[in-house]
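Contents: one structure, followed by commentary.
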Amino acid sequence: MKFSKEHEWVKLEGNTATIGITDYAAHQLGDIVFVELPNKGSKFEVNKVFGTIESVKTVSDVYAPMSGEVTEVNDELDANPALVNEDPTGKGWIVKIKISDPKEYDQLLDEAAYKATCE
Amino acid sequence: MTEPLLFELDKKGRRGYALPKLDVPTVDPADHIPTKFLRKQLNMPSLSELETVRHFTRLSRMNHSVDVGFYPLGSCTMKYNPKVNENIARLPGFANIHPHQNANSVQGALKLLKTTEKYLAELTGMDAITLQPAAGAHGELTGLLIIKAYHNKKGNNKKKILIPDSGHGTNPASCTMVGYEVVNIKSDNRGCIDIEDLKANITQDVAGLMITNPNTLGLFDENIGELASLVHSVDGLLYYDGANFNAIMGWTRPGDMGFDVVHLNLHKTFSTPHGGGGPGSGPVGVKAHLKEFLPTPFIIEENNTYSLKNENDDTIGAVLGSLGNFSVIVKALAYMMYNGKEGLKAASAYAVLNANYMMKKLKDTYYVPYDRFCKHEFVISGKTFAKHGVKTLDIAKRLLDFGYHSPTIYFPLIVEEAMMFEPTETESKDTLDGFIDVMEKIAKEAVENSDLLKNAPVTTPVRRLDEATAARKPDINFYRKP
Amino acid sequence: MSTYIPHTSTELQEMLNVIGVKTIDELFAEIPNNLRLNKDLDIPCGMSELEMTRELTSLSEINKTVDKNVCFLGGGAYDHIIPAAIDHLLLRGDFFTAYTPYQPEVSQGTLQCIYEYQSLICSLTGMDQTNASLYEGATANVEAIKMAEAQTGRKKVILLDTINPAYRKVIKTINGAQDTEIITLSFEDGVCDVTKLARAIDDKTAAVIVQYPNFFGCLEDIENIAKMAHEAGALCIVCANPIALAILEAPGNLGADIVTGEGQPLGVPLSFGGPYIGFLAAKKALLRKMPGRIVGKTLDIDGKQGFVLTLQAREQHIRREKAGSNICSNQALVALNTTIYMSLMGAEGLKEVALHCFQKAHYMKSELAKIEKLTVPFTSSFFHEMVIKVPNADSVLKRMEEKGIFAGIALEKYYPNLKDCILLAVTEKRTKSEIDDYCKYLGEALK
């Protein structure tokens, strides 16, 4: 698993990247009440906003850590946005994308480097 | 204390009001209205008059209000709402006139509006006023539409509005509504606009600068003259957000500081009641070079006769379906007449006195990030209590247990754990002293027994509410359960 | 000094000592001298409560009121009966001197009232949800258009010109400034010209806006208009009269996506145009696009029922420049006014108000039809408002006013092709004898 400076994580399996927000980010946001998901089939460039996450008192954009096309979205978040708080790197995943440039993965941070940015 | 919902008090067959007997021959609606447009069902509870009166009376007792106690909510100017103004607004000659009456039948109302315009122009140092905007945010929108119309007419290609990072949330939101991009300007270590950052952002595409002065920290920006010249040097316009006008009334005027457009909040500075969140009124004033852009109709006075001018070449149009929130304006004029020039100036003087007194007294126990004379409000930070696990929110909630309303919290955004206090001039020294004692007591509790704060409030009709579930599964309509 | 400032001179001195200054003036020292107002304000000196009351009372008495005259004016504001209990409740300081319920634990009164208001408006309009209210009718439509644009990603809206001209003017000013393409369609026989509408709707249309009943009092076929809008992927916004909705089918059951309107008819005083209240209700899919405050029901930590402002992440204080609207307040006290009104009337009472309006208007139409030289230009079904045409409408209106009758609104200034047409409204407050007098004087004026 790798991380972006904007607090997203990426799990790469073949051409498919699963994306969510980090435990740190979920904690900072507090009680998450709504996740605005992109449509299946939409395409995003790296570092562009692809969704928003609302908590009780704040709202935050989610940035694409890699470029690609959305193949799946986590529909369960509609009914249960709290999953992002409870299990941000598991059941709280946000989208899966078919990546367009595998090299972007190398640009992402490893866990230690990411943790350093949070301090 | 829980009050049943109106819908739980429903008993079919009860009536709270009886109409006079129908005195005309009747027709069958089904003969005149196609069946598909005839209503099949209407859900609405039935209560008697007394039950209705009791329900709402009981609900009213679950509110904190200015009439009950101190309400130091910063940037909201929760001053006393004089009772006589309510009587004046309810005079039949004001309450029972229709907006479509001919001008000749509402000369008193038009004169009242014109007089209010004159007084507000004098207080702000502006040349013309529109009373149309229904609230502060609505005034901002109106002012920005005027700024845009000015630049459009001159063929200026302007894209940006500069806003200090201490600004109200409505400022950037209003800019977006008229299609301007927002550029945030930093504050300096005195809490004022960072002149260097402003200079760096002054470019030809700047349409204007939108600020409050004093700002949301309650601090007067003494560089305002220089700020104005900088903005004017690129033909930008200066917008004055009047949320904090209660600090300077009769002492200095936005028009003299170099502002081109001003909005006021009659529900703040001019004592009209906040009504639980509205209605307000947000008149906008402009300098002469922007007069032509004001919304129509204009109220015209000729030989003591008043008429409406409905069209004007350069007007932005209209921002409200009527001339304004008339009865709110009536109350504001009554306030100005009662106080007069000396009373209005004194109101600001004592508002500033009260704020400085409170700040000085609280400085011993709380961290004051900008330690200088404030105007009508000031900001302290709750961050020093973090080591006891206490947040500003906890202090705010504990205040409720003592019968006070909390200050504005977590605003402005540039102060960590912010608490913003605005006592207003109508509060006595006794009230302030009582409140200061409680603030000191709470500070002590935070250190010695922080659970009292974290579990607060306990004396209120309800305790802390589950806002997360409220937002996740919104129950916002009795008839459609989530 | 006004009595609203409670400080004694001793207290003033004590406070100055604590602060460490000699005079209040010193607290203003940082205002540069050249920016100081070094003169008296050009505003009269203060006066006593009695003097002020006398002066403003005489000013108020110059106005001709709907009490001493008979009001057949409508056009968005109506002279309905207002039960006495309402104002007594509104005058409770606990309501009118409170502010926005920022601290819900001490604002349950205001919050629960708003929840009740929301539920009643949803019921009336047949919608899933509404907000805590907006300024008034015109601006409610402005917000509805923005919602439709955000939902569809389109920037063209179609307005029927049977919508209140004042609303259209505000829409043009505010939505127009946000680059909304506004198409206004002219009417046929007082209602929407469906052929023109079919030609105007396309795949760039965000919404069609229709008034129900429309500005002329006529009933538009909102079901058909909604269907046409939906076929093009556009939304249908219905601007409705809340009293009429007591007997007219809820727009939500006829295909409307958003229902807006002016709430003044629900027991709010005329007050020369305000404050009134705009309502905006919508289908569930539009929840996150709704502007303004929304109150939700929840529980406190002891499990007790309570209310909070909710879904706040939509709003300007959080989203700032990314917010869909700059709305920061609601018309809370006016919302309370309408809620108390609906509570007193109940479903039966509200239906009766609507029926009385309907019956009296239809009686009046049949009486007016007997007058020579008077024509009724539109044949559509109507509720309580209608258009009549008489020779020299302006001078007729003037003569009627001399008889103490506000006989209607001359339409020519809004619709140049409706010269000599008058819009008049009949509420439950009008009596048979007032209607008969109207017809009698009008007949005389036309002789």
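Brief remarks on what is shown
- Furthest towards positive pole of dipole, C:F382, C:Y99, C:A84, structure part chain C, Cβ charges: C:F382
- Under the Karplus curve 6.51 cos²θ - 1.76 cosθ + 1.60, θ = phi - 60°, whole-Hz ³J(HN,Hα) for the stretch B:391-397, x wherever Gly or Pro sits: 9, 4, 4, 5, 5, 4, 5
- The residue among C:N164, C:F307, C:Q359 whose Cα reaches farthest toward the positive pole of the charge dipole of chain C, with charges on the beta-carbon of Lys, Arg, Asp and Glu, is C:N164.
- Per-bin percent of Cα-Cα distances, the stretch C:98-138 [5 Å]: 5, 22, 24, 23, 16, 9, 2
- The stretch B:6-60 - charge dipole about Cα centre, Lys and Arg +1 at Cβ, Asp and Glu -1, debye rounded to 20: 200 debye
- For the stretch C:85-340, the Cβ-based charge dipole about the Cα centre amounts to some 740 debye (Lys, Arg positive; Asp, Glu negative; other atoms uncharged).
- With the convex hull drawn over the C-alpha atoms of the stretch C:206-315, the volume per residue is 157 Å³.
- Nearest-0.05 FRET efficiency for B:N304 and C:D40, computed from C-beta distance (R0 25 Å): 0.50
- Shape class for chain B: oblate, because the ratio a/c of the largest to smallest gyration tensor axis (alpha-carbon atoms, square roots of eigenvalues) is 1.5 or more and b/c is at least a/b.
- Amide N of the stretch A:21-38 lying under 17 Å from the label point, which is placed 7 angstrom from the Cα of A:T58 along Cα→Cβ: A:21-36
- Using alpha carbons only: equivalent-ellipsoid semi-axes of the stretch B:232-323, gyration tensor based, whole Å: 23, 21, 14
- Dimensionless Rg/Rh of the stretch B:6-60 - Kirkwood Rh, Rg from C-alpha atoms: 1.13
- Label reach from A:K103 (point 7 Å along Cα→C-beta): in the stretch A:1-15, amide nitrogens under 19 Å belong to A:15.
- Computing FRET efficiency as 1/(1 + (r/R0)^6) for C:S48 and B:I195, where r is the C-beta to C-beta distance and R0 is 51 Å, gives about 0.60.
- Label point at C:K227 placed 7 Å out along Cα→Cβ; residues across the stretch B:29-61 whose backbone nitrogen lies under 17 Å: B:34-38
- Relative contact order of chain C, pairs being alpha-carbon contacts under 8 Å that are 6 or more residues apart, as %: 20 percent
- Selection from C:L197, C:A132, B:T212 lying farthest towards where the dipole of the protein assembly as shown points positive, charges on Cβ: C:L197
- Helices in chain C, meaning DSSP H runs of at least 4 residues, each add -39500 (n - 2.57). Divided by all residues, the mean residue ellipticity at 222 nm is -11500 deg cm²/dmol.
- Long-range tail of P(r) for the stretch C:85-340 (Cα pairs > 28 Å, %): 31 percent
- Projected label distance in nm at B:N43 and C:V21, using a 7 Å step from Cα toward the beta-carbon: 5.8 nm
- Label separation (A:E86 vs B:K153): 6.0 nm, computed from points 7 Å beyond Cα along the C-beta direction.
- Placing R0 at 56 angstrom, the Cβ-Cβ distance between A:L12 and C:T379 gives a FRET efficiency of 0.20 after rounding to 0.05.
- Using equal-weight Cα scatterers in the Debye expression, the normalised intensity of chain A in log10 at q = 0.16, 0.19 Å⁻¹ is -0.67, -0.96.
- Point-charge dipole on Cβ atoms (K/R +1, D/E -1) for the stretch B:342-467, about Cα centre, debye to 20: 240 debye
- Rounded to 5, percent antiparallel among DSSP beta bridges of the stretch C:85-340: 45 percent
- For the stretch B:342-467, pairs of C-alpha atoms spaced more than 19 angstrom apart make up 48 percent of the total.
- Across all Cα pairs in the stretch C:228-382, the calculated P(r) in 10 Å bins from zero up to the longest distance comes to 9, 25, 33, 22, 8, 3, 1, 0 percent per bin.
- Environment charge of C:A138, counting only residues whose C-beta is closer than 13 Å and scoring Lys/Arg +1, Asp/Glu -1: 0
- Gain upon complete extension [C:T10, C:E188; 0.36 nm per residue less C-alpha separation]: 56.6 nm
- The alpha-carbon of B:K441 sits under 20 angstrom from the alpha-carbons of these lysines, leaving out residues fewer than 8 places away in its chain: B:K360, B:K361, B:K363, B:K383, B:K387, B:K391, B:K397, B:K429, B:K454.
- Across chain B, the relative contact order, built from alpha-carbon pairs under 8 Å that are at least six residues apart, equals 18 percent.
- Label-to-label distance for B:T459 and A:E76 is 4.7 nm, based on points extended 7 Å past Cα in the beta-carbon direction.
- By the rule of a C-alpha distance below 17 Å, with chain neighbours fewer than 8 residues away ignored, the lysines paired with C:K398 are C:K64, C:K68, C:K389, C:K413, C:K419, C:K440, C:K447.
- Once the Cα-Cα distance is subtracted from the 0.36 nm per residue extended length, the C:K440 to C:E348 segment shows a gain of 29.8 nm.
- Directionally averaged projected area (convex hull, Cα atoms, the protein assembly as shown), nm²: 40.8 nm²
- Given B:K118/B:K148; B:K375/C:K39; B:K36/B:K473, the pairs whose alpha carbons are separated by over 23 Å: B:K118/B:K148; B:K36/B:K473
- The Rg/Rh ratio of the stretch C:116-160, with Rg taken over Cα atoms and Rh as the Kirkwood radius over Cα pairs, comes to 1.02.
Values in this text are rule-based calculations from the coordinates and carry no lab data. Because the structure is predicted, anything quoted here is derived from the model rather than measured. Cβ coordinates were reconstructed from backbone atoms using ideal geometry, including for glycine residues, and neighbour counts include every protein chain displayed.
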